[in-house]
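> There's a structure below that I have some questions on.
What follows is calculated from the coordinates using simple rules that are stated; it is not laboratory data. Bear in mind the structure is a predicted one, so any value in this text is a computation, not a measurement. When we count neighbours, we look across all protein chains shown, and the Cβ atoms used for this are built from the backbone with ideal geometry, even at glycine.
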Amino acid sequence: MTLHEYMRQLKKEVDRAMLDHQYHHVHTITTAMRYSIQNGGKRFRPILLLMILDAFDIEKEKGMATAVALEMIHTYSLIHDDLPAMDNDDLRRGVPTNHKVYGEAVAILAGDGLLTDAFNVLVNDQNLDTEIRLKLVRLLTAAAGSCGMIKGQLLDIEAEEQAISLDELKQIHHLKTGKLIEFACLAAGFIVEPTGIYTHRLRWFANHLGLAFQIKDDILDVEGDAQKIGKAVGSDVANGKSTYVSLLGLEGAKQMLEVEINKALEELDALPAHTEMLKKLTEYVASRDK
């Protein structure tokens with residue numbers, strides 16, 4: 001099976017599970033929530049989590065609810081990120097953003113609903129022991145909360161139209177983008193082994209992979225195809241954001257991307273698992289066109 005076939009299979013399983021966890025009664029908020037949930041997306045974070053479980057020969061069902069909760073939180077963050085007060089984007093995943101369809105108030109509440117309901121999915125997962133569920137809730141609140149993703153989003157806003165250093169940019173993206181990728185890896189690690197004996201390697205792998213993911217996003221914002229990406233290119237420049245391309249130049253950003261990919265691959269080499277597909281996924285991050 002090729003990487004893309006494997007990812008398509010996992011994506012179908014995640015999509016099916018996400019719809020199973022959505023409310024079946026219809027009102028404005030649940031309709032708006034489902035709108036963003038069903039509008040595609042790579043499902044990179046939940047796929048990463050499930051691939052790590054597979055690499056350690058752990059059945060995917062053990063981590064499916066965690067993967068769904070993670071993607072719900074990621075989707076909520078995108079709904080809010082697109083709002084006029086944030087990035088003010090009109091397109092997400094190739095379709096109008098949530099607030100363009102339902103208005104700003106409903107979009108805010110749809111994001112709030114996804115965030116809150118994600119923890120309901122996690123704590124009610126009967127495939128995991130209570131102790132593991134509690135550990136995953138702690139991890140996810142730290143990753144998504146005011147010291148994690150939200151702090152990164154605030155730093156990103158404060159850095160607009162400002163000259164910032166490369167280290168400051170790394171810190172922003174480690175929090176804003178990298179924390180949920182890190183959660184995917186650490187959550188899988190704790191599901192594999194509750195004592196967390198693999199978390200050191202998985203954390204470093206996640207940090208290098210998350211940085212590579214963001215560098216590639218910055219490169220695509222300059223030379224990507226808007227139809228493939230699903231949103232307008234050049235939005236970072238228009239919003240006055242510092243990027244790896246603006247700080248290092250296009251070639252410098254590509255060189256940094258290669259370095260981070262290689263470091264991520266080195267961490268995988270140190271894991272006692274079947275990491276062939278994870279290595280292919282890591283290399284895909286550098287070669288993707290959307």
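> Setting aside same-chain residues fewer than 8 positions from residue 241, which lysines have a Cα under 18 Å from its Cα?
Within the straight-line cut-off, residue 241 pairs with 151, 170, 176, 216, 231.
> Working out 0.36 nm times the residue gap between residue 154 and residue 280, then minus their Cα-Cα distance, what length gain in nm do you get to one decimal?
Net length gain for the segment: 42.1 nm.
> Over all alpha-carbon pairs of segment 3-287, lay out the pair-distance distribution in 10 Å bins, whole %, shortest bin first.
Taking every Cα pair in segment 3-287, the percentages come to 6, 29, 38, 22, 4, 0.
> May I pose another question? Apply 1/(1 + (r/R0)^6) to the Cβ-Cβ distance of residue 165 and residue 42, taking R0 = 30 Å, and write down the FRET efficiency to the nearest 0.05.
For R0 = 30 Å, the calculated efficiency reads 0.50.
> Hey, got the dipole for segment 22-67? About the Cα centre, +1 on K and R Cβ, -1 on D and E Cβ, debye to the nearest 20?
With Lys and Arg at +1 and Asp and Glu at -1, about 260 debye.
> Let me have the relative contact order for the chain, percent, based on Cα pairs under 8 Å that are six or more residues apart.
Reported as a whole number, the value is 20 percent.
> Oh, and also: With all distinct Cα pairs included, what does the Kirkwood hydrodynamic radius of segment 72-147 come out to in Å, to one decimal, could you say?
Over segment 72-147, the inverse of the mean reciprocal pair distance is 13.5 Å.
> Using +1 at the Cβ of each Lys and Arg and -1 at the Cβ of each Asp and Glu in the chain, identify which of 163, 257, 195 lies farthest towards the dipole's positive end.
195
> With viscosity set to 1.002 mPa s at 20 °C, what whole-number translational diffusion coefficient in µm²/s follows for segment 1-143 from Stokes-Einstein and a Kirkwood radius over Cα pairs?
Answer, rounded: 136 µm²/s.
> Sorted from fewest to most neighbouring beta carbons within 10 Å, what does the list 285, 26, 259, 222 look like?
Details: 285 21, 26 9, 259 13, 222 16.
The most exposed by this proxy come first: 26, 259, 222, 285.
> Please state the charge dipole magnitude for segment 3-287, taken about the Cα centre, from unit charges on C-beta atoms (+1 on K and R, -1 on D and E), reported in debye and rounded to the nearest 20. Could you put the intermediate results ahead of the total?
Details: 30 positive and 42 negative charges, 108 e Å.
Here the size comes out at about 520 debye.
> Where is the GNM fluctuation largest for the chain (alpha-carbon springs, 10 angstrom cutoff): 139, 186, 250?
Taking springs between Cα atoms under 10 Å, the residue moving most is 250.
> In terms of the ratio Rg/(2.2 N^0.38 Å) built on C-alpha atoms, what value belongs to segment 126-222?
1.20
> Counting residues in segment 112-179 as N, plug N into 2.2 N^0.38 Å and put the Cα Rg over that result.
In units of the 2.2 N^0.38 Å rule of thumb, it is 1.39.
> Let me ask something else. Among 67, 208, 220, pick out the residue whose Cα is farthest towards the positive end of the charge dipole of the chain, where Lys and Arg carry +1 and Asp and Glu carry -1 on C-beta, about the Cα centre.
Result: 67.
> Rg(Cα) of segment 1-75 divided by 2.2 N^0.38 Å?
1.14
> Over the Cα atoms of segment 55-113, what radius of gyration and what Dmax do you get, in Å?
Calculated on Cα positions, Rg and Dmax stand at 14.7, 45 Å.
> Shifting gears a bit: Longest segment of the chain with no GluC sites (Glu not before Pro) in a DSSP loop having at most 15 other Cβ atoms within 10 Å?
162-290
> Calculate, for residue 193 and residue 85, the FRET efficiency according to 1/(1 + (r/R0)^6) with r their C-beta to C-beta distance and R0 35 Å; round to the nearest 0.05.
About 0.25, to the nearest 0.05.
> If you don't mind, another one. Take each complete run of DSSP H in the chain, measure how far its Cα atoms stretch along the helix's own axis, and keep only those covering 18 Å or more with mean Kyte-Doolittle hydropathy at least 1.6; list them.
Details: long enough: 3-21 (27 Å, -1.09); 61-81 (30 Å, 0.25); 104-123 (29 Å, 1.34); 130-144 (21 Å, 0.77); 179-192 (19 Å, 1.89); 199-223 (35 Å, -0.19); 244-269 (32 Å, 0.10).
In the chain, the long hydrophobic H runs are 179-192.
> Mark the label point 7 Å from the Cα of residue 222 along Cα→Cβ and return the residues of segment 262-290 whose backbone N is within less than 18 Å of it.
From segment 262-290, the list is 286-290.
> Quick one: putting +1 on the C-beta of Lys and Arg, -1 on the C-beta of Asp and Glu, what dipole do you get for segment 85-164 around its Cα centre, in Debye to the nearest 20?
With only Lys, Arg, Asp and Glu charged at Cβ, the dipole is about 320 debye.
> Got a sec? Charge dipole of the chain, +1 on Cβ for Lys and Arg, -1 for Asp and Glu; which of 80, 48, 268 is way out at the positive end?
48
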